[in-house]
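Some notes on the structure that comes next.
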2 protein chains.
Amino acid sequence: MSLVVQKYGGSSVADADSIKRVARRIVDTRKAGNQVCVVVSAMGDTTDELHDLAAAVSPAPPQRELDMLLTAGERISAALVSMAIANLGHSARSYTGSQAGVITDDVHGKARIIDITPGRVREALDAGHIVIVAGFQGVSQSTKEITTLGRGASDTTAVALAAALGADVCEIYTDVDGVFTADPRIVPTARKINRISNEEMQEMAASGAKILMLRCVEYARRFDMPIHVRSSFSHHEGTWVTDKKLEGEAVEDPIIAGVAHDRSEAKITVVGVKDKPGIAAEIFTEIAQAQINIDMIVQNVSALETGLTDVSFTLPKADAQRAVETLQAAKERIGFDQLQFDDQVGKLSLIGSGMRSHPGVSATLFRALAEQGINIEMISTSEIRVSVVTADDQLDDAVRAVHTAFGLDSSEGEAVVYGGSGR
Amino acid sequence: MSLVVQKYGGSSVADADSIKRVARRIVDTRKAGNQVCVVVSAMGDTTDELHDLAAAVSPAPPQRELDMLLTAGERISAALVSMAIANLGHSARSYTGSQAGVITDDVHGKARIIDITPGRVREALDAGHIVIVAGFQGVSQSTKEITTLGRGASDTTAVALAAALGADVCEIYTDVDGVFTADPRIVPTARKINRISNEEMQEMAASGAKILMLRCVEYARRFDMPIHVRSSFSHHEGTWVTDKKLEGEAVEDPIIAGVAHDRSEAKITVVGVKDKPGIAAEIFTEIAQAQINIDMIVQNVSALETGLTDVSFTLPKADAQRAVETLQAAKERIGFDQLQFDDQVGKLSLIGSGMRSHPGVSATLFRALAEQGINIEMISTSEIRVSVVTADDQLDDAVRAVHTAFGLDSSEGEAVVYGGSGR
């Protein structure tokens with residue numbers, strides 16, 4: 001008998017009808033001869049409504065109490081899914097994160113999972129029950145307090161629980177058919193990816209693909225847990241996130257997995273700094289001390305006559321104001337002319353593990369953008385990724401152009417094997 | 001430093017404004033130099049809304065899952081009250097029933113408290129925090145499952161917790177000023193009672209007075225915990241439920257504490273049973289085996305010519321249908337002519353520990369009803385209570401007549417000491 005862990009997001013359990021549909025799906029999986037453990041998010045807007053209630057009694061509620069409040073959301077959906085399953089004649093048991101053994105650190109609001117001790121879940125499964133676990137929550141190891149893992153972290157709960165239970169697969173149900181070669185809202189010809197490697201999915205998630213949380217993919221990779229991302233509204237096969245080839249899959253991997261984009265970052269340029277060793281260290285030490293994570297960094301070649309250069313970096317828009325204030329406060333010590341701030345930027349990332357062995361990917365990317373008259377403001381690369389920053393209003397055109405240039409459009413069938421020169 | 005346990009019901013925490021008002025009240029109690037532990041019910045209609053959600057996914061949800069669902073209600077209100085207190089600059093911690101050490105049996109939906117192990121609450125109080133406990137819930141001793149104590153049982157949680165913590169008083173906040181000599185909606189001249197003994201309050205609760213749950217009063221009596229029932233909408237003194245006289249209180253207790261009424265029962269009459277030993281045992285063994293609790297029982301004198309008699313009893317309306325079916329099924333064995341069923345009845349109860357030493361109370365009661373032309377269908381008495389069953393549509397008149405006859409109307413000042421003859 002296989003053990004399947006399933007995770008249903010908020011839109012899949014938005015109302016009573018959705019919950020009944022999800023229950024049928026869970027029961028079908030059970031009837032097919034599997035043990036089933038399900039992780040659920042809160043119903044539709046519940047979390048937002050609870051946030052509104054909190055805001056109505058306090059402008060800055062303590063995070064411990066906020067966790068106490070918000071965890072009610074998944075508790076409610078877990079109990080309801082369990083009832084709907086019982087109504088179909090199957091036995092189900094709902095558990096809170098704490099009861100399910102989701103042990104976290106004590107950082108309320110964005111706790112990290114330290115360990116999973118799923119003794120009660122295991123017992124219930126072995127006793128023949130379907131188990132429903134409230135996602136997004138756990139209990140802290142040191143203080144025994146209720147914690148939340150941060151929004152969207154039910155995926156991570158599911159993968160971690162699947163790993164701890166030794167499940168055969170972790171199915172992540174969502175409202176789309178799987179992972180696409182690009183966001184179908186921007187690229188109508190985007191194709192569903194049948195399989196993507198862990199490494200590629202990790203880069204996709206880190207580059208703005210919202211379908212899976214980065215931390216969830218990291219977990220899956222670490223524990224070698226196959227993820228199947230699929231729609232709760234259809235019975236189509238979705239996307240497998242695994243390094244193991246699917247049956248009938250071509251021997252040679254496609255070079256490019258997909259194109260991700262990200263509009264959540266802003267760009268700051270420190271203009272007119274001395275081009276001398278240690279200057280970047282000074283700037284980014286200030287930023288790091290303010291607890292701000294940065295993404296890309298670019299330093300221009302200095303102008304010969306002045307010996308001055310510019311340093312640009314990208315960071316989450318939410319942190320931009322704070323970063324500017326931090327740097328202004330350190331202006332004398334760092335020594336620069338001025339700061340430029342731009343939040344009208346977007347980032348395009350081309351991801352594919354085939355890049356390692358196929359040169360010319362970057363050149364094709366730049367040519368495709370140039371042909372559309374799109375200016376590249378920053379470039380950064382990793383082993384299996386090329387990212388560029390463009391103006392926000394050119395980003396959609398950029399994504400479409402690159403998607404086409406690499407033969408990812410669905411009318412062209414499977415992605416072509418590209419052979420260019422010079423990356 | 002005194003320790004005060006307070007309990008706020010659903011109407012006291014119905015919305016954000018109410019929660020903020022309750023928070024101010026709690027903080028005032030803290031500022032007055034007390035340690036404060038608060039038990040809260042779910043906000044206004046939350047429990048009903050959660051019941052509706054459950055009904056939408058299953059016509060008969062498993063009780064375990066219903067408990068999982070419903071306990072979210074008090075969790076939400078506890079967290080919100082805690083946040084509102086923090087916003088007033090005081091430190092508060094909310095705890096679930098399970099975290100607060102409310103240990104119950106494993107009867108989901110109407111669990112009984114077995115023990116309270118308030119270690120975490122004690123620690124938090126000693127660390128200077130105000131503690132907020134989600135009422136109505138606990139964790140079962142044997143199965144470690146989340147249980148609910150049944151609706152309205154947050155009062156019981158408060159009293160039990162107060163007893164376990166060795167509190168000085170348990171304040172039960174509600175939307176009226178205290179316990180009245182009769183329901184003020186029926187008797188506009190009803191007076192607020194300043195103090196009532198545990199025994200009297202127990203009879204009042206058992207006789208339909210809804211202000212305190214019977215089980216809560218039993219607990220208070222067992223642990224000798226003074227209860228102060230008062231309004232969360234005013235700062236008036238409420239009603240003290242305690243056997244200890246208040247300062248300045250008269251040495252002699254009033255004979256009558258108050259008049260309670262109850263419309264929740266129905267009457268069943270078993271017509272034409274043989275008047276022989278054991279017949280009542282047969283009838284009520286059947287009823288008991290169907291897990292139905294009965295209240296009053298009356299057996300008529302048998303008619304000499306037939307040797308047949310009638311047996312009447314009252315029971316909760318909700319159980320009446322089942323009781324009728326049970327008896328019909330046993331008709332041959334018991335041997336009776338027919339069953340009569342009446343759910344248009346009401347019960348009036350006159351309560352007062354002074355009855356013990358003052359004869360004539362029953363006679364005055366019957367005379368008062370007779371003067372209003374009200375027919376008495378059944379009578380039952382205890383040491384400190386006389387109850388009569390009347391037609392439902394005569395019950396309000398009956399309550400008013402009796403209230404006046406015993407000098408309880410507020411225009412007449414304190415209750416008169418009654419001296420009649422022959423009870």
Worksheet item: Between copies, how close do the residue A:280 label points come, placed 7 Å along Cα→Cβ, listed in nm from shortest?
Response: 9.7
Worksheet item: Starting at 0 and stepping by 10 Å, how many percent of the alpha carbon pairs of the range B:24-102 end up in each bin?
Response: 17, 40, 26, 13, 4, 0
Worksheet item: Three principal axis extents, largest first, for the C-alpha atoms of the range A:3-175, in Å?
Response: 49, 34, 23
Worksheet item: Helix B:317-329 versus the longest principal axis of chain B: what is the Cα-based angle in degrees, 0 to 90, to the nearest 10?
Response: 40
Item to complete: Please report, in debye to the nearest 20, how large the charge dipole of the range A:150-296 is about its Cα centre when each Lys and Arg carries +1 at its beta carbon and each Asp and Glu carries -1 there.
Response: 380
Practice prompt. Any chance you could check the Cα centroid distance between the range B:371-402 and the range B:78-132 for me, in angstrom?
Written response: 43
Response to the item:
Mean-square fluctuation maximum in Gaussian network of chain B, Cα pairs under 10 Å, restricted to B:284, B:136, B:180, hits B:284
Worksheet item: Where the Cα atoms of the range B:159-227 are projected onto their three principal axes, how long is each span, largest first, in whole Å?
Response: 39, 20, 16
Discussion item. If you take every DSSP beta bridge fully contained in chain A, what fraction is antiparallel? Give it as a percent rounded to 5.
Written reply: 60
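Per residue of A:70-81, how many C-beta atoms from partner chains lie within 10 Å of its own C-beta, taken as a mean? List each step's numbers first, then the result.
Numbers: counts 2, 5, 12, 2, 1, 7, 11, 3, 4, 16, 10, 2.
Across A:70-81, the average partner-chain Cβ count within 10 Å equals 6.
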Item to complete: Give a quick list of GluC sites (Glu not before Pro) in the range A:320-402 that DSSP marks as loop, anything other than H, G, I, E or B, with at most 11 other Cβ atoms within 10 Å.
Response: A:383
Worksheet, complete the sentence: Measuring from the longest principal axis of the C-alpha atoms of chain A, the long axis of helix A:361-371 (C-alpha) lies at a number of degrees, nearest 10, equal to 70
Response to the item:
Sequence order, the range A:292-305: Karplus ³J(HN,Hα) from phi using 6.51 cos²θ - 1.76 cosθ + 1.60, θ = phi - 60°, Hz rounded, Gly and Pro as x, gives 9, 8, 10, 10, 8, 9, 9, 10, 6, 5, 6, 6, 4, 5
Practice prompt. Between copies, how far apart are the residue B:123 label points? List them in nm, one decimal, shortest first, with each point 7 Å from Cα toward Cβ, please?
Written response: 2.3
Practice prompt. List the pair-distance distribution P(r) of chain A, using every Cα-Cα distance, as the percent of pairs falling in each 20 Å bin from 0 up to the bin containing the longest distance, rounded to whole percents.
Written response: 24, 50, 24, 2, 0
Worksheet item: Percent of accessible area on chain B owned by carbon and sulfur, 1.4 Å probe?
Response: 48
Worksheet item: Setting aside same-chain residues fewer than 8 positions from residue B:144, which aspartates and glutamates have a Cα under 20 Å from its Cα?
Response: A:74, A:123, A:126, A:145, B:65, B:67, B:74, B:105, B:106, B:115
Fill in: Spin-label proximity, residue B:404 to the range B:179-193 - amide N less than 20 Å from point 7 Å beyond Cα toward beta carbon
B:181-192
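Mind checking the per residue accessible area of chain B for me, 1.4 Å probe, whole number of Å²?
Details: 17470 Å² over 423 residues.
Each residue of chain B exposes 41 Å² on average to a 1.4 Å probe.
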Discussion item. Suppose the Debye formula is applied to equal point scatterers at every Cα of the range B:127-278; what is log10 I(q)/I(0) at q = 0.12, 0.18, 0.22 Å⁻¹?
Written reply: -0.61, -1.12, -1.53
Discussion item. As a check on your reading of the symmetry: which chain B residue has its Cβ nearest the axis that brings B onto A, and how far is it in Å?
Written reply: B:72, 2
Worksheet item: How many percent of Cα pairs in the protein assembly as shown exceed 47 Å?
Response: 41
Worksheet item: Counting other Cβ atoms within 10 Å, which trypsin sites (Lys or Arg not before Pro) in the range A:163-195 have at most 12 and lie in a DSSP loop?
Response: A:185
Practice prompt. With both partners inside the range A:46-203, how many of the DSSP beta bridges are antiparallel, as a percent to the nearest 5?
Written response: 55
Item to complete: Report, for residue A:107, each distance to the same residue's label point in the other copies, shortest first and in nm; define the point 7 Å along Cα→Cβ.
Response: 4.7
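Largest first and in whole Å, give the semi-axes of the range B:248-423's equivalent ellipsoid, each being the square root of 5 times a Cα gyration tensor eigenvalue.
35, 16, 15
My understanding is that a pair violates if its Cα-Cα distance is over 25 Å; which of A:7/B:110; A:7/A:317; A:7/A:244; A:210/A:347 do that in this structure? Display every interim value, and only then the final one.
Details: A:7/B:110 32 Å; A:7/A:317 30 Å; A:7/A:244 22 Å; A:210/A:347 14 Å.
Checking Cα-Cα distances, A:7/B:110; A:7/A:317 exceed 25 Å.
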Worksheet entry | Extreme residue, positive dipole direction of the range B:3-175, given options B:9, B:33, B:96 (C-beta unit charges) | B:33
Practice prompt. Kindly work out what percent of the DSSP beta bridges joining two residues of the protein assembly as shown are antiparallel, to the nearest 5.
Written response: 60
Worksheet entry | Solvent accessible area, Å² - residue A:197, 1.4 Å probe, full protein context | 20
Practice prompt. Could you point to the residue in A:201, A:334, A:234 farthest towards the positive end of chain A's charge dipole, with +1 and -1 charges on the Cβ of Lys/Arg and Asp/Glu respectively?
Written response: A:234
Discussion item. Running a GNM on chain B with Cα contacts under 10 Å, which residue among B:394, B:328, B:344 ends up with the highest mean-square fluctuation?
Written reply: B:328
Fill in: Helix-only [θ]222 nm of the protein assembly as shown, DSSP H runs n ≥ 4, -39500 (n - 2.57) each, per residue, nearest 500
-10500 deg cm²/dmol
Worksheet item: Under the Karplus relation 6.51 cos²θ - 1.76 cosθ + 1.60, θ = phi - 60°, what is the ordered set of whole-Hz ³J(HN,Hα) values for the range B:248-253, x standing for Gly and Pro?
Response: x, 6, 4, 5, 8, 6
Worksheet item: What is the magnitude of the charge dipole of chain A about its Cα centre, with +1 placed on the Cβ of each Lys and Arg, -1 on the Cβ of each Asp and Glu, and no other charges, expressed in debye to the nearest 20?
Response: 1140
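Are there trypsin sites (Lys or Arg not before Pro) in the range A:109-141 that DSSP puts in a loop and that have at most 15 other Cβ atoms within 10 Å, and which ones?
On the way: sites: A:110, A:112, A:120, A:122; in loops: A:110, A:112.
Answer in residue order: A:110, A:112.
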Discussion item. Considering only C-alpha atoms, what is the centroid distance from the range A:299-336 to the range A:9-63, in Å?
Written reply: 44
Discussion item. Compute, for the range B:3-175, the length of the dipole vector about the Cα centre, with Cβ point charges of +1 (Lys, Arg) and -1 (Asp, Glu) only. Units Debye, rounded to 20.
Written reply: 500
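The values are calculated or read from the model by the stated rules, or taken from the named source; none is laboratory data. Being a predicted model, the structure only gives us computed values, none of them experimental. Positions of Cβ are backbone-derived with ideal geometry, glycine not excepted, and every protein chain shown enters the neighbour counts. Just the protein is used for accessible areas: all its heavy atoms, side chains included, with ligands, DNA and RNA removed. Shrake-Rupley method; radii C 1.70, N 1.55, O 1.52, S 1.80 Å.
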